[in-house]
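Let me begin by presenting the structure, written as structure tokens, before commenting on it.
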Amino acid sequence: MPLQYNTDSGLFEFAEMPDDLLLLERSHASYLPALLQNLNSFNELFKRAFEISEFWSIWTLLGVRGLQDAGWDPFESTKEAIQSVSEHFSHVGGQLQSHLSLWVYGHILEASEHYEVLHNMVSIAAGGAFNTDCFRALRQSDRQPSPGTKIAALKVAAMALGLGPTFDLLQETWDRNLRNAIFHSDYSVHGPEVRIRHPPRHYTHDETMTLINRALAYHQAIVTLRDFYISSYAEPELIDVPADFNARPGERAAVIVKEGRGAIGLKSASTEEENRRGAIPWRVGKFTRDEMAFLDAHPTSAYIPADIAR
């Protein structure tokens with residue numbers, strides 16, 4: 001991959017100009033600078049969170065929220081949707097490309113899980129735990145707070161950690177008026193322009209593509225960092241269990257690793273003897289039935305071979 005992490009500088013960088021980016025992404029010069037800025041800004045936050053609690057940071061990236069079967073992961077659906085649109089983008093033309101681009105912008109900026117991951121990382125870096133619903137306090141009735149409200153809350157929390165610039169580019173990427181026009185079908189495409197009526201405004205092609213590509217860069221940065229940290233676990237590791245997990249004094253957890261994929265869960269690191277003495281084994285993660293059956297059959301193992309069905 002042309003995108004590399006430089007361990008000396010602690011920064012992501014391009015070793016060479018990428019030639020495998022999605023078509024939507026390489027359509028504008030704003031994409032690559034925005035991708036690097038988001039990657040390196042967010043990574044400072046991720047590193048801080050992992051230093052404070054590796055346990056809760058892994059939990060955040062796994063996104064485990066109670067007992068659920070397959071098909072309840074909006075993050076994966078967003079990844080698939082953006083990937084699919086990007087792959088087919090070159091096969092459509094004219095105004096359809098403009099409409100798809102606008103939909104991509106709106107979908108990414110509205111995607112809840114991106115903000116949940118970022119908020120949890122901020123919270124963990126400040127000494128907190130994983131939260132299943134980070135923005136609950138900002139809700140009005142059952143309505144999700146707007147992306148603008150979420151971004152503002154993230155920026156305030158990051159500033160308290162001395163990481164104020166982390167969300168500057170995301171704040172610049174959010175355009176409330178354009179988002180409203182997209183999802184209320186209150187815009188028109190006229191040649192290279194996008195026009196909205198509330199308030200009346202013309203967006204030039206360059207303005208629109210800058211916003212769209214910055215949104216794509218924001219999305220790709222979250223995807224890349226999640227994969228980067230998950231795949232960094234090639235072998236099971238023992239990590240500290242935080243006290244707010246109701247852990248026993250000195251309790252440790254094992255990172256469950258799937259061969260070729262990285263971390264897919266967390267489990268108690270208790271031995272068979274400790275279990276016989278009354279230790280209560282536990283595990284969290286998103287597993288297939290075959291993976292769960294393997295772990296049931298090997299209760300002290302935290303390594304799942306690649307040939308266990310996905």
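With (1) in contact (Cβ under 8 Å) with a residue 24 or more places away in the chain; (2) closer than 18 Å to Thr78 by Cβ; (3) aromatic (Phe, Trp, Tyr) as the list, and Tyr203 as the residue in question, which single condition is left unmet?
Tallying (1) in contact (Cβ under 8 Å) with a residue 24 or more places away in the chain; (2) closer than 18 Å to Thr78 by Cβ; (3) aromatic (Phe, Trp, Tyr), Tyr203 fails exactly one: (2).
Ile239 versus (1) outside any strand (DSSP E or B); (2) in contact with a Phe, Trp or Tyr (Cβ under 6 Å, 6 or more places away or on another chain): which is the lone unmet condition?
For Ile239, the failing item is (1).
Which one of these does Leu295 not meet: (1) farther than 30 Å from Ile182 by Cα; (2) surrounded by 15 or more Cβ atoms within 10 Å (Cβ to Cβ); (3) under 24 Å from the mean Cα position of the chain (by Cα)?
Going through the list (1) farther than 30 Å from Ile182 by Cα; (2) surrounded by 15 or more Cβ atoms within 10 Å (Cβ to Cβ); (3) under 24 Å from the mean Cα position of the chain (by Cα), Leu295 breaks only (3).
In the same structural domain as Gly148 (by TED's automatic domain parsing), surrounded by fewer than 12 Cβ atoms within 10 Å (Cβ to Cβ) and among the hydroxyl-bearing types (Ser, Thr, Tyr): which single residue out of Thr78, Thr60, Thr132 fits that description?
Being in the same structural domain as Gly148 (by TED's automatic domain parsing), surrounded by fewer than 12 Cβ atoms within 10 Å (Cβ to Cβ) and among the hydroxyl-bearing types (Ser, Thr, Tyr) holds for just one of Thr78, Thr60, Thr132, which is Thr132.
Looking only at segment 196-233, filter to residues that are farther than 19 Å from Ser30 by Cα, loosely packed, with under 15 Cβ neighbours inside 10 Å and not acidic (Asp, Glu); which one of those is nearest to the chain's Cα centre (by Cα)?
Ser231
Taking the stated definitions as given, is Trp72 surrounded by fewer than 17 Cβ atoms within 10 Å (Cβ to Cβ), of a type in the set (Phe, Trp, Tyr), modelled with pLDDT of 90 or more and in the same structural domain as Asp186 (by TED's automatic domain parsing)?
So Trp72 fails the test.
Select from segment 1-26 the residues that are over 25 Å from Pro165 (Cβ atoms) and at pLDDT 60 or above and write down the one among them that is surrounded by the fewest Cβ atoms within 10 Å (Cβ to Cβ).
Step by step, filter segment 1-26, then rank; the result is Glu16.
What is the one condition in (1) touching a Phe, Trp or Tyr at 6+ places or on another chain (Cβ under 6 Å); (2) in a strand (DSSP E or B); (3) not small (Gly, Ala, Ser) that Arg195 does not satisfy?
(1)
Among the residues of segment 150-170, write down those that are loosely packed, with under 15 Cβ neighbours inside 10 Å and not aliphatic (A, V, I, L, M).
Gly162, Gly164, Pro165, Asp168
Pull up segment 263-287, narrow it to residues that are among the small types (Gly, Ala, Ser) and either surrounded by fewer than 18 Cβ atoms within 10 Å (Cβ to Cβ) or in contact with a Cys (Cβ under 8 Å, 6 or more places away or on another chain) (or both), then point me to the one that is farthest from Tyr229 (Cα to Cα).
Gly278
For the list (1) under 23 Å from Glu51 (Cα atoms); (2) surrounded by fewer than 15 Cβ atoms within 10 Å (Cβ to Cβ); (3) among the acidic types (Asp, Glu), I need the number of the one condition that Asp290 fails.
Asp290 satisfies every listed condition except (1).
The values are calculated or read from the model by the stated rules, or taken from the named source; none is laboratory data. On a predicted model such as this, the values are computed, not experimentally measured, just so you know. FYI the Cβ positions are ideal-geometry reconstructions off the backbone, even for glycines, and counts take in every protein chain you see.
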